[in-house]
1. For residue 200, indicate whether it is in contact with a Pro (Cβ under 8 Å, 6 or more places away or on another chain) and under 17 Å from residue 228 (Cβ atoms).
2. In a strand (DSSP E or B) and outside the structural domain of residue 531 (by TED's automatic domain parsing) - does that describe any residue in the range 429-450?
3. Considering only the range 688-697, I want to know if a residue exists there that is surrounded by fewer than 20 Cβ atoms within 10 Å (Cβ to Cβ), touching an Asp or Glu at 6+ places or on another chain (Cβ under 9 Å) and of a type outside the set (Lys, Arg).
4. How many of the residues in the range 329-347 are part of a loop (DSSP other than H, G, I, E, B) and either out of contact with any Phe, Trp or Tyr (no Cβ under 8 Å at 6 or more places or on another chain) or surrounded by 21 or more Cβ atoms within 10 Å (Cβ to Cβ) (or both)?
5. For the range 288-300, which residues satisfy the criterion of being surrounded by fewer than 16 Cβ atoms within 10 Å (Cβ to Cβ) and hydrophobic (A, V, I, L, M, F, W, C)?
6. With respect to residue 310, determine if the residue is among the hydrophobic types (A, V, I, L, M, F, W, C), surrounded by 19 or more Cβ atoms within 10 Å (Cβ to Cβ), part of a strand (DSSP E or B) and more than 25 Å from the chain's Cα centre (by Cα).
7. So for the range 175-192 (the condition being surrounded by 14 or more Cβ atoms within 10 Å (Cβ to Cβ), in a strand (DSSP E or B) and either of a type in the set (Lys, Arg) or without any contact (Cβ under 8 Å) to a residue 12 or more places away in the chain (or both)), does at least one residue qualify?
8. Filter the range 260-287 down to the residues that are assigned to a strand (DSSP E or B) and of a type in the set (Asp, Glu), then identify the one that is surrounded by the most Cβ atoms within 10 Å (Cβ to Cβ).
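The values are calculated or read from the model by the stated rules, or taken from the named source; none is laboratory data. All values derive from a computational prediction rather than experimental measurement. Using ideal geometry, Cβ is built from the backbone for each residue, glycine included, and neighbour counts are taken over all protein chains shown.
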Amino acid sequence: MKKFLAFAVLLCVCLSFACTEKRIKTMPYPLTKKVDSVDTYFGVSVPDPYRWLEDDRSAETVEWVKAQNAVTFDYLSQIPFRDALKNRLAKIWNYPKYGTPFYKGKYYFFFKNDGMQNQSVLYIQEGLEGTPRVFLDPNTLSEDGTVSLTAMNVSNDAKYFAYGISKGGSDWNEFYVIDIATGKQLSDKLEWIKFSGIAWEKDGFYYSRYDAPKGSVLSVKNEYQKVFYHKVGTKQSDDKLVYENKAFPLHNFGAAVTEDESFLIIEESEATDGNALFVKNLKEKNAPFVKIADGFEYNYNVIDNIGNTLFVYTNYKAPKYRLVAIDMAMPSRENWKVIIPEKEEVLKGVSVAGNLLMAEYMKDAASRAYMYDFTGTLKYELQLPCIGTLGGFSSEKGNNLAFYSFTSFTFPNTIYKLDVANNKSEVYKTSDIDFKSDLYETKQIFFNSKDGTKVPMFIVHKKGLKLNGKNPTLLYGYGGFNVSVTPSFSISRLLLLENNGVFALANIRGGGEYGKDWHEAGTKLRKQNVFDDFIAAAEYLIAQKYTSPDKLAIQGGSNGGLLIGACINQRPDLFKVALPAVGVMDMLRFHKFTIGWAWTGDYGSSEDSVEFNYLYKYSPLHNIKEGLDYPAVLVTTADHDDRVVPAHSFKYIATMQEKYKGNNPMLIRIETQAGHGAGKPTDKIIEEAADIWSFTLYNLGVKPDYK
């Protein structure tokens with residue numbers, strides 16, 4: 001109690017809060033009932049008293065959600081600058097935003113959001129100088145903007161446009177088809193689709209789907225995915241089964257077709273990283289699938305073909321990736337020809353651009369781009385504006401025109417047009433945003449982790465920042481699934497930067513920033529490296545006087561939510577605010593819901609005795625301890641999250657509210673009609689961001705300078 005009073009006095013004296021202002025008290029937390037549920041793992045009894053919250057369909061869970069939200073929104077409503085933050089965020093947000101154009105034949109497509117539209121609208125025009133018209137407006141598909149577009153692809157003859165929609169942020173998709181020339185939506189409707197692309201051949205396409213789920217649509221385990229071929233104008237029940245593997249219900253399948261429709265490619269996977277590769281010659285009647293690569297240790301992705309030769313991007317015998325050519329007449333590995341060899345930097349991806357190959361590399365988590373011909377001869381380097389991230393690259397084989405986007409922490413997303421043959425880029429669409437980027441700077445430093453590993457971190461702040469340990473700081477991390485977190489522009493993050501704050505992004509192990517070895521160094525029995533890296537990043541920021549424990553907030557989502565939960569259990573003294581979003585918090589049961597089984601490749605499984613003991617020692621849910629002085633916690637999740645089911649967050653916050661006896665708030669904000677994050681409408685994004693920043697800045701003792 002003395003510590004809390006001293007902190008309150010410090011706020012009044014040093015942080016411009018009026019001394020008469022009282023700290024917000026939370027309403028009593030909802031009484032969360034406990035049940036007698038115990039699991040035994042290899043002789044170890046593990047109680048799970050809030051197991052009942054896993055039932056997302058029960059009336060009790062629904063009422064619990066309402067009660068928790070009531071407490072959270074009561075707290076947030078008392079923050080004096082909450083409305084000012086929301087108003088400022090809405091003002092910044094309100095500018096036109098463009099997506100990278102893509103085209104097929106004479107038709108050019110691009111997304112545009114006028115500023116505050118809940119979903120971006122897809123436009124079409126004939127020719128590069130044609131007049132744009134609305135082609136597909138997802139805002140018309142629901143009253144509240146919670147229907148979003150997902151997968152989409154144009155048929156190779158530019159006759160049809162197939163697309164998917166998600167309702168309420170769910171991973172479940174429905175697919176539809178539009179006749180491009182008339183703009184008419186056809187009768188096609190395909191259901192129970194997840195994790196699927198659209199691969200056109202002739203007047204139909206390949207896609208992946210599941211059988212209709214038995215049980216809760218949002219939490220039942222996803223099993224027995226299959227690949228089908230759908231012919232335009234027919235019923236889904238008439239679709240042709242193309243590929244399945246009945247022996248392995250927990251395998252996923254992705255289908256692709258080369259642009260010339262010569263080959264059908266199937267990628268089979270059992271986790272989120274690594275795949276087998278099968279290819280079928282579509283020009284030969286009844287041709288079998290040819291196994292190009294089996295096992296799931298490496299990644300294989302077909303980029304394109306020239307005649308009978310496939311160009312494949314892979315990390316086989318190349319932890320930082322390379323491009324190889326495979327002659328389908330001699331497809332065995334000993335006959336593979338290296339086109340772009342492995343380099344010191346990670347080859348992040350390869351795309352076809354006109355008659356060249358665009359190879360995107362990462363150097364210390366920032367983009368580099370080089371153009372090669374199909375023999376592997378370097379033609380030129382694509383010059384990028386600054387340290388940042390290239391994305392959205394689109395072109396058509398044989399066409400000299402390409403588009404790409406570029407962004408960085410203080411560089412709003414900008415679209416460029418590229419003359420491929422002559423290496424000439426020009427700005428095509430830029431962002432007119434109310435933000436003065438020249439007032440800020442970005443630096444990259446390298447710090448030592450616990451075991452001496454050098455880890456990169458980006459740090460962004462206003463120029464002239466005083467290193468006095470008093471700056472409000474947000475440290476962000478992910479650290480998993482071979483995902484590289486690179487520089488990007490965030491509108492909501494500007495609320496921190498404008499108020500003399502510091503944003504730090506730590507590129508910790510578990511990601512893909514330095515290739516396969518960097519990823520695997522943060523998986524399974526080495527997952528503690530991820531937490532050690534993040535803790536070391538916080539210690540660096542404190543030691544260098546960017547901030548202090550009373551001014552440091554940490555944030556991460558999904559696997560990053562796990563990161564936040566684990567780190568505040570291990571080092572609660574380092575942080576003042578913790579923001580775990582849609583996190584994987586129960587490391588013993590994650591594999592029992594939806595697609596969670598695929599994460600065992602990164603995490604391991606509680607069904608293995610050695611992995612169980614390791615998981616149990618760091619699982620955020622199972623390591624919440626009484627007597628620890630935890631930071632202020634705001635958990636965010638959503639009722640339609642069928643990627644990381646909200647039960648993770650529900651059980652976590654119920655346990656935290658039960659065991660934590662200190663003065664910091666332990667709250668959960670549960671969004672409705674939203675999922676894991678993709679497709680969330682603008683109004684919900686702004687409201688959630690304003691709430692998160694209100695909670696964060698208030699608990700860091702910062703009073704924003706907005707009227």
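1. Considered against the rule, which asks whether it is in contact with a Pro (Cβ under 8 Å, 6 or more places away or on another chain) and under 17 Å from residue 228 (Cβ atoms), residue 200 comes out as no.
2. Taking the range 429-450 first, the residues in a strand (DSSP E or B) are 429, 440-448.
Retained after the next criterion (residues that are outside the structural domain of residue 531 (by TED's automatic domain parsing)): 429.
Looking through the range 429-450, at least one residue is in a strand (DSSP E or B) and outside the structural domain of residue 531 (by TED's automatic domain parsing).
3. yes
4. Applying the first criterion (part of a loop (DSSP other than H, G, I, E, B)) to the range 329-347 yields 329-332, 336, 341-345.
With the extra rule that they be either out of contact with any Phe, Trp or Tyr (no Cβ under 8 Å at 6 or more places or on another chain) or surrounded by 21 or more Cβ atoms within 10 Å (Cβ to Cβ) (or both), the set shrinks to 329-332, 336, 341, 344.
Here the count works out to 7.
5. To start, the set of residues in the range 288-300 that are surrounded by fewer than 16 Cβ atoms within 10 Å (Cβ to Cβ) comprises 288-291, 294-295, 297.
Answer for the range 288-300, where residues must be surrounded by fewer than 16 Cβ atoms within 10 Å (Cβ to Cβ) and hydrophobic (A, V, I, L, M, F, W, C): 289, 290.
6. Spelling it out, residue 310 is indeed among the hydrophobic types (A, V, I, L, M, F, W, C), surrounded by 19 or more Cβ atoms within 10 Å (Cβ to Cβ), part of a strand (DSSP E or B) and more than 25 Å from the chain's Cα centre (by Cα).
7. yes
8. In this case the residue turns out to be 268.
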